[in-house]
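Since the structure comes first, as structure tokens, the remarks are kept for the end.
The values are calculated or read from the model by the stated rules, or taken from the named source; none is laboratory data. Just so you know, these numbers come straight off a predicted model, no measurement behind them. Every residue, glycine as well, gets a Cβ built from its backbone with ideal geometry; the counts of neighbours run over all protein chains shown. Heavy atoms of the whole protein, side chains included, go into the accessibility calculation; ligands, DNA and RNA do not. Shrake-Rupley method; radii C 1.70, N 1.55, O 1.52, S 1.80 Å.
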Amino acid sequence: MTTNRDFLLAVLRHPAFAAGALDTHFIERHLPRAARAAADDPAADRVHVIAAALHAHERRRRAGGPLPPSIPSGWRNNRWRPQDRSYRIGDDTIEVRYVANGEGRFDVEAASATSQALVVAADERTIVLELDGVRRRFALAVRDEATFVHGPLGTSTLTPVPRFPPPRREQVAGGCLAPMPGVIRQVHVAPGDRVEKGTVLLVLEAMKMEHQMTAHDTGS
């Protein structure tokens, strides 16, 4: 979600604009290209990552059905570890670890700092979050793999990091990969035989069932 918000703020905050010294060369004279983009703000990124993590937490809580306010989402009778989410911002990755204490209150750790958080209100697209005594409203939007967080501190584009890597199957060039461990019961071809696509090569027994392994292509 690319906007010109930072450029407009740079114009509004410039002393020459406030003084009314405007002409058609204002931008070229007072705002070189480097000054039109917002500077990196790690503190704002940290707040936005916490807002995104707790907003996702509240969405999961609502999706799981109604719970008494005193029982937080992710509740265990033996709470042994915090919940966690990680987000990439540019080349950096920020991990958020949090413990829900009930009544919308959280102990949060992010970017090597701890905070006290209170979720005042949340819906599908917004969250009102009080972080270390400062209350702010954030709007969130998800598009493809990115989460955009907009609030009083500006806008951050976050990419959630999956908790578990996607499954990968080993690719065997010129051969077949068994779908599971098993015992070969029958072999229907010999080395050097020419086979057509779909020919049954062997029969594998696994999980008390027989599985036919077939040729993916024609060849020998």
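Within segment 123-141, restricting attention to residues that are under 19 Å from the mean Cα position of the chain (by Cα) and in a loop (DSSP other than H, G, I, E, B), which residue is farthest from Thr157 (Cα to Cα)?
Filtering segment 123-141 for residues that are under 19 Å from the mean Cα position of the chain (by Cα) and in a loop (DSSP other than H, G, I, E, B), the one farthest from Thr157 (Cα to Cα) comes out as Asp123.
Taking the residues in segment 82-111 that are open to solvent by less than 50 Å² (accessible area, probe 1.4 Å) and out of contact with any helix residue (DSSP H, G or I) (no Cβ under 9 Å at 6 or more places or on another chain) as candidates, determine which candidate is farthest from Leu129 (Cα to Cα).
Looking at residues that are open to solvent by less than 50 Å² (accessible area, probe 1.4 Å) and out of contact with any helix residue (DSSP H, G or I) (no Cβ under 9 Å at 6 or more places or on another chain), I get Pro82.
Suppose we filter segment 194-217 for residues that are within 18 Å of Met180 (Cβ to Cβ) and either open to solvent by less than 100 Å² (accessible area, probe 1.4 Å) or in contact with a strand residue (DSSP E or B) (Cβ under 7 Å, 6 or more places away or on another chain) (or both); how many remain?
The qualifying residues number 12.
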